[in-house]
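Pasting a structure below so you can have a look.
The values are calculated or read from the model by the stated rules, or taken from the named source; none is laboratory data. Predicted, not measured: the structure shown is a model, and the values here were computed from it. Positions of Cβ are generated from backbone atoms using ideal geometry, with glycine treated the same way; all protein chains shown enter the neighbour counts.
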Amino acid sequence: MNAPVILDRRRVLAGGGALIVSFSLADAFAQDQGTSAAAPAQNPPGSLKGAPFLDSWIRIDAEGGITVFTGKAELGQGFKTAFQQIAAEEIDVPFEALKVVTADTRLTANLVNTSGSNSTNVTGTAL
């Protein structure tokens, strides 16, 4: 019997896989010099609109301890666990290696409110 193959981006790249990124600068050099500059980038996703700086989201101390921050609150919806899982996956550290600080107005970005089951999709996107 064939076992299912489960792939994730880290396993593929670590196992000798390759990632190829390609782009062209032809259009950039072909622009009319008399035209105005390109339009500004689109709005950043999720909670990055209100807190665009990296130190609003993550800190690594001198001893290597990692803390992730969010202005959203854990209200029994599982957000803190989801936030910690997303952060651990994105920075490639074990789940247990992270400390999570939620809704501490002295330390976290002001993300206004926690409502409507939007914490994970809005803040997870920012991470």
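If I ask for residues that are surrounded by 15 or more Cβ atoms within 10 Å (Cβ to Cβ), of a type in the set (A, V, I, L, M), part of a helix (DSSP H, G or I) and without any contact (Cβ under 8 Å) to a residue 40 or more places away in the chain, which ones from the stretch 66-99 would you list?
Answer for the stretch 66-99, where residues must be surrounded by 15 or more Cβ atoms within 10 Å (Cβ to Cβ), of a type in the set (A, V, I, L, M), part of a helix (DSSP H, G or I) and without any contact (Cβ under 8 Å) to a residue 40 or more places away in the chain: just Ala88.
Another question, then. In the set Val122, Val112, which member is among the aliphatic types (A, V, I, L, M), in contact (Cβ under 8 Å) with a residue 40 or more places away in the chain and assigned to a loop (DSSP other than H, G, I, E, B)?
Val112 is the lone residue from the list that is among the aliphatic types (A, V, I, L, M), in contact (Cβ under 8 Å) with a residue 40 or more places away in the chain and assigned to a loop (DSSP other than H, G, I, E, B).
Could you list, in sequence order, the residues of the stretch 42-61 that are in a loop (DSSP other than H, G, I, E, B) and over 11 Å from Ala126 (Cα atoms)?
Those that are in a loop (DSSP other than H, G, I, E, B) and over 11 Å from Ala126 (Cα atoms): Gln42, Asn43, Asp61.
Going by the structure shown, is Ala51 more than 21 Å from the chain's Cα centre (by Cα) and at pLDDT below 90?
No; evaluated as a whole, the condition is false for this residue.
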